[in-house]
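Please treat every number below as a calculation from the coordinates, not as lab data. The shown structure was predicted, so the numbers you read here are calculated from the model rather than taken from an experiment. Quick reminder, even Gly has a Cβ in these numbers, built from the backbone with ideal geometry, and neighbours come from all protein chains shown.
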Amino acid sequence: MARGKDYYQILGLAKGASKEDIKQAFRKLAHKYHPDKQEGDVEKFKEINEAYTVLSDEKKRAEYDSYGRVFGDQGFQGGAGFDPSQFRDFSEGFNFDVGDIFGDFFGGNRSRRGRDISIDLELTFRESVFGAKRTVLLAKISQCEHCGGSGGKPGTTQATCTHCSGTGKIHETSSTFFGTFTSVQPCKTCRGTGKIPKERCENCRGEGIYRKQEEVEVVVPPGIEGGEMIRLQGMGEAVQGGPAGDLYVKVHVRPDPRFKKDGPNLVTDLSIKLSDALLGAEQSIQPLDGDMTITIPAGVSHGELLRVRGKGVSTGRGKRGDLFVRVRITLPQKLSKDAKKLVEKLKEEGI
């Protein structure tokens, strides 16, 4: 037994922990660090097993508490040993079902659910601002509309499945390096329903589901951004004996050369003449929802933002953000003699 390891610390326990505390700590950590789990860690899992093997045995625990090691046990000497047979001792004397701890590693007690699917949807910039409804055609596994998913010929009755005696479940025993485990699986004959049709549906051949093309309406909320996902619950692929999966729609927005989004607001550029900037003017613009005229105030600066309320991104319930018009003053490339004289006069006046 390797020296220096604090088995109580490994299990997160104090030295006087009870047998029940040790079992509960091992159960929690073994479930968390099992190599098949997302956070799994093989070395950590071995260490947890090593600590439990010692502390759950009264003789080994007494030796460890007294001398910091276990005599006559070479299985973990130098930290190199990993004997799978040690795992078979876990269920002995336990007051809970070990299959409950590791059942998900072997497929036990999992509810059936249809597969999630995802698609891409391209929108115009205007659709992303105001929202839209799109109908997409998908080829996916769907519930049979002829039999309603029962798999039976309409009008016929359902019989009790003889394979599972109507329970919809089959108990399967498997041998693993943990020992012998009994898991509960959905009955393959009736697919977990406990019933089988006396006469099969001709449309789906008794499966209750089949692959077909189906139109799905996608409601795009206003103000959506490119890269966002829309989840349509239950619109994924169907499965007999369980709920359908979900449909995920990834949105792509085509850019607009005139407008940019800034949260609930829109920003656009407007080019005006120098004379309009100095004297002011009425200017026609084209927002996303029609034409309108705005007032350019006299003395406006280059880059100044003019606000048009309620012409931005739709935020729902009839409310919208604002449209900001960024002024771009264009200067003439050439000036006539008269224009030069006017500019020189302005210069003399300090303008």
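Assorted remarks:
- Label-point gap, in nm, between residue 216 and residue 159 - each point 7 angstrom along Cα→Cβ: 3.7
- Measuring r between the beta carbons of residue 302 and residue 133 and using R0 = 41 Å, the FRET efficiency lands at 0.50.
- Whole-Hz Karplus values for region 303-311 come out as x, 5, 9, 9, 9, 10, 6, x, 10 Hz, taken residue by residue from phi with 6.51 cos²θ - 1.76 cosθ + 1.60 and θ = phi - 60°; glycine and proline positions read x.
- Computed magnitude of the charge dipole of region 259-348 (debye, nearest 20; Cβ of K, R +1, Cβ of D, E -1): 160
- Taking amide H positions as modeled 1.01 Å from N, with prolines and chain starts lacking one, the residues under 5 Å from residue 200 and 5 or more places away or on another chain are 153.
- For region 252-277 versus region 305-329, the spacing of their alpha-carbon centroids is 10 Å.
- In summary, the lysines within cross-link reach of residue 153, defined as a Cα separation below 25 angstrom excluding same-chain residues under 8 places away, comprise 140, 169, 188, 195, 198, 212.
- Counted by Cβ distance under 10 Å from residue 127, the other residues give a net charge of +3, where Lys and Arg count +1 and Asp and Glu count -1.
- Here the residues 248, 7, ranked from fewest to most Cβ neighbours within 10 Å of their Cβ, fall in the order 248, 7.
- Amide H contacts of residue 329: 272, 303, each under 5 Å away and 5 or more positions distant or on a separate chain (H built 1.01 Å from N in the peptide plane; Pro and chain starts excluded).
- Segment residue 289-residue 21, extension gain: residue separation times 0.36 nm, minus the distance between their alpha carbons: 89.7 nm
- Cα-based reach from residue 261 at 12 Å (exclusive), listing aspartates and glutamates while leaving out same-chain residues under 8 positions away: 225, 322
- Listed from fewest to most Cβ neighbours within 10 Å, the set 229, 235 follows the order 229, 235.
- Whole-Hz ³J(HN,Hα) from phi, Karplus 6.51 cos²θ - 1.76 cosθ + 1.60, for region 324-335, glycine and proline x: 10, 9, 8, 7, 10, 8, 9, 9, x, 6, 9, 10
- Shape of region 117-253, Cα gyration tensor, a/c cut at 1.5: oblate
- Taking amide H as placed 1.01 Å from N in the peptide plane, the amide H of residue 320 sits under 5 Å from that of 315, each at least 5 places away or on another chain.
- Legend: residue pairs 32/250; 32/59; 133/319; 273/340; 19/46, Cα-Cα distance threshold 22 Å; pairs beyond threshold, 32/250; 32/59.
- Residues of region 231-251 with an amide N closer than 11 Å to a point placed 7 Å from the Cα of residue 115 along the Cα-to-Cβ direction: 237-238.
- Value of relative contact order over region 285-351, rounded to a whole percent, pairs C-alpha under 8 Å and six or more apart: 23
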